Amino acid sequence: MNVIFHTTTAISVAVLLTDTRRIEQSTTSKNVVGTSILAFTVGLISHGALDYIPHCYPINSKLDAVVSLTIIVITTWLTNKKYRLIMGLSFLGSIFPDLVDLSPAIINKQLRLNFPAFEKIFPWHLHDYSGSIYNDNCNNSTLNHILLLLTICIICWCRRTDIKTIFNKDNEKNNWA
């Protein structure tokens, strides 16, 4: 699946897992660290689930990489300092399998280098377990992408109070981080 879908999923994972009331009331970073580790883990699992379902690649890979990196940088920059670790590890977990399994080959191709490319570690990148569609019938893929984006929107709408707190820069001066 295009990286942009993994990065947008990472935002909803971070928002879904972050209980801002509990973190705001805490005087230690224990809740943030625990939530961050959980966000990385759920991001990793969500990557596998998204790669496993049938999908085409509707976005050009170079544009996909640029837009995804832009989303990660801007979202992390806009995130209140107290929640940056959660958001950052959610992003990292969501793209980690691609960084490990696919980055060396992509870097070699784009920069004409010869980094060693190892066997894929994550099973959903193996041909037998990947949901990649290699024919021209992408109707199921389009439906799956729409359902994913709809799910992300519903999560963000239902957790909009937490989103306001996560992205509230005025609250930063009161943070312990």
> Based on what the data block shows, is Met1 under 19 Å from Ile155 (Cβ atoms), in contact with a strand residue (DSSP E or B) (Cβ under 8 Å, 6 or more places away or on another chain) and in contact (Cβ under 8 Å) with a residue 12 or more places away in the chain?
Replying inline: yes
>> Among the listed residues Ile146, Ile154, identify the single one that is at pLDDT 90 or above, of a type outside the set (Asp, Glu) and surrounded by 11 or more Cβ atoms within 10 Å (Cβ to Cβ).
In response: Ile154
>> I'm trying to understand the selection: among the residues of the stretch 30-40, which are surrounded by 15 or more Cβ atoms within 10 Å (Cβ to Cβ) and more than 11 Å from the chain's Cα centre (by Cα)?
In response: Asn31, Val32, Thr35, Ser36, Leu38
> Of all the residues that make up the stretch 96-146, how many are in a helix (DSSP H, G or I), hydroxyl-bearing (Ser, Thr, Tyr), in contact (Cβ under 8 Å) with a residue 40 or more places away in the chain and closer than 16 Å to His47 by Cα?
Replying inline: 1
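The values are calculated or read from the model by the stated rules, or taken from the named source; none is laboratory data. No experiment lies behind these values; they were computed from the predicted model shown. As a convention, Cβ positions derive from the backbone with ideal geometry for all residues, glycine included, and neighbour counts pool all protein chains shown.
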